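Single-structure report; data block below.
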Amino acid sequence: MSNQYLKIIGGNSLSGRVEVHGAKNAVLPILAAGILTSEDVIVQNCPYISDVDAMTVLLEELGAEVIRNGRNIIVRGQATHARVDDLHCKDMRSSMFMLGALLATLGEVETTFPGGCSIGLRPLDIHLDGLKRMGATVEMTKSGIRCTAKSLIGAKILMKYPSVGATENLMMCATLAKGRTTLVNCAREPEIISLAECLRSMGAKISGDGTSVMKIEGVKRLFGTRFSPIGDRIVAGTVACATALCGGDVEIDGANVNHLGAVINCLQSKDCKIDGDDTYMRVRSTGRIHGVHAQSAPYPLFPTDMQPQLLCASCFSDGVSVIRETVFENRFAHVKEMQKLGAKINVCGDTATIFGCEKSDSPYLIKGGSVVASDLRAGGALCIAALKIKGESKVYGVEFIDRGYERIEDVFCSLGGYVLRTKDR
Ligand code: EPZ
């Protein structure tokens, strides 16, 4: 772990206006889709985050030309070889989006097993099952997986779980397969719809995106496009959660309030008003958090990528919260960090019970201190907690935060928080 950390002095309320840019989890598959055509695919409003940087390097290593022009990224040309370098598999799950696109264009793809990550094993069985049903041969190699397909045939695929990445891989593969592919029990996330919209703008024939049954008619070729992905609902949700916790009045531009219904249901109360439309959100809060019951699940239910933020905020509530993580098997790393600061949290299996420090019959103090983020969203969550705590905290693991949050210190400083990126001497 690097010696870099965010020094945060909490206790301020937040007010002002921030803008969120293209959603990481839409930009990444859309960049991968860029190699489905030899023409230019221009992805607009891309965030400056390290996962996007890594994806552009990966695309270049596969033989495509990638040109970054401010927030626009141009993917030019197609991949020329099919081996996804294991550097990327280990450090970034997103290289998995290349499976479908490479198989559809080169008829083969070879990759090492993606590094699991701190939140779970992240297997690929649903991806591979779907590719096999479309005619791919999948074999295990010494270091990973090799998929080949002389030709890809549309198939009816029942997905055992609405995996986001598997849905995206199978969508991309199906756009150039022969005939119709039907994905049953596919993911419904807004990022899936954004990818489908981009693929349609490239000439793909896709319907049913955003529902549990998607139909893709294969076409002979796809064309270039210029496309702007949806705004990042998780970055917006993180700022909304921070405002609910710290109090204040914040407008978040570029976010679609309708993409965060389950999160708003948890945050909205007599002390927190959230409104907006498909272009912005506004959060007004007294800074008083109440106990909440929530369970992460596939969209449109509560997003797992907001579970750490809600759990950390709940530590400051006036009641007891129960939060269950059903999507990933190991996504409570932030709990021990909050316990280091004095939070009272019990974890039993996939369920955390949080006794808020403002609980009327037994209030207690959560104090500032040093905490370590071990994954991206835990990092955002620990920043939120530090912004609430009067006094100084240090959040290590900034390299994880930078994977999905663009200059998080600037976001919260612009709203009146004190966040300084620094390092141990
Ligand atoms: C995407 O990951 C997101 N990443 C994740 O965001 C997000 O948490 C996740 O979807 C769920 O919404 C990107 O889009 C880059 P899944 P993905 O396949 O596609 C199991 C963030 O912080 N599974 O929907 O990898 C899997 O183990 C990241 O931005 C299988 O069992 O998620 C997990 O338990 C974190 N077999 C569950 O499904 C498979 O073949 C959901 O995984 C595939 C998945």
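Table for the structure above
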| quantity | calculated |
| --- | --- |
| Subset tally (residues that are within 20 Å of Ile119 (Cβ to Cβ) and either among the basic types (Lys, Arg) or more than 16 Å from the ligand (Cβ to nearest atom) (or both)) for the stretch 323-342 | 8 |
| Subset of the stretch 199-240 (residues that are surrounded by fewer than 18 Cβ atoms within 10 Å (Cβ to Cβ), part of a helix (DSSP H, G or I) and small (Gly, Ala, Ser)) | Ser201 |
| Long-range neighbours under 6 Å by Cβ, at least six apart or interchain, first residue farther than 22 Å from Arg188 by Cβ within the stretch 261-277, second of a type in the set (D, E, K, R) | Asp271/Arg288; Lys273/Arg284; Asp275/Arg282 |
| Strands (runs of 3 or more DSSP E) contained entirely in the stretch 259-372, each with at least 1 residues that are within 30 Å of Thr211 (Cβ to Cβ) and out of contact with any strand residue (DSSP E or B) (no Cβ under 9 Å at 6 or more places or on another chain) | 272-277 |
| Per-region count, the stretch 396-412, residues open to solvent by 60 Å² or more (accessible area, probe 1.4 Å) and more than 13 Å from the ligand (Cβ to nearest atom) | 3 |
| Which listed residue is at pLDDT 95 or above, open to solvent by 50 Å² or more (accessible area, probe 1.4 Å) and within 11 Å of the ligand (Cβ to nearest atom), from Arg180, Arg188, Arg133 | Arg188 |
| Test set (1) open to solvent by less than 30 Å² (accessible area, probe 1.4 Å); (2) modelled with pLDDT under 95; (3) not aliphatic (A, V, I, L, M) - Glu329 fails condition number | (1) |
| Answer from Ile35, Ile30, Ile42 - the residue that is out of contact with any Phe, Trp or Tyr (no Cβ under 9 Å at 6 or more places or on another chain) and either surrounded by fewer than 24 Cβ atoms within 10 Å (Cβ to Cβ) or in a helix (DSSP H, G or I) (or both) | Ile35 |
| Single residue of the stretch 148-177 satisfying the filter (within 13 Å of the ligand (Cβ to nearest atom), open to solvent by 10 Å² or more (accessible area, probe 1.4 Å) and of a type outside the set (D, E, K, R)) that is farthest from Ser212 (Cα to Cα) | Gly165 |
| Qualifying positions in the stretch 287-309 - more than 14 Å from the ligand (Cβ to nearest atom) and touching a Cys at 6+ places or on another chain (Cβ under 7 Å) | Gly287, Val292, Ala294 |
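The values are calculated or read from the model by the stated rules, or taken from the named source; none is laboratory data. Every value quoted in this text rests on a predicted model; they were computed, and no experiment measured them. As a convention, Cβ positions derive from the backbone with ideal geometry for all residues, glycine included, and neighbour counts pool all protein chains shown. Side chains are part of the model used for accessible areas, which takes the heavy atoms of the whole protein and leaves out ligands, DNA and RNA. Shrake-Rupley method; radii C 1.70, N 1.55, O 1.52, S 1.80 Å.
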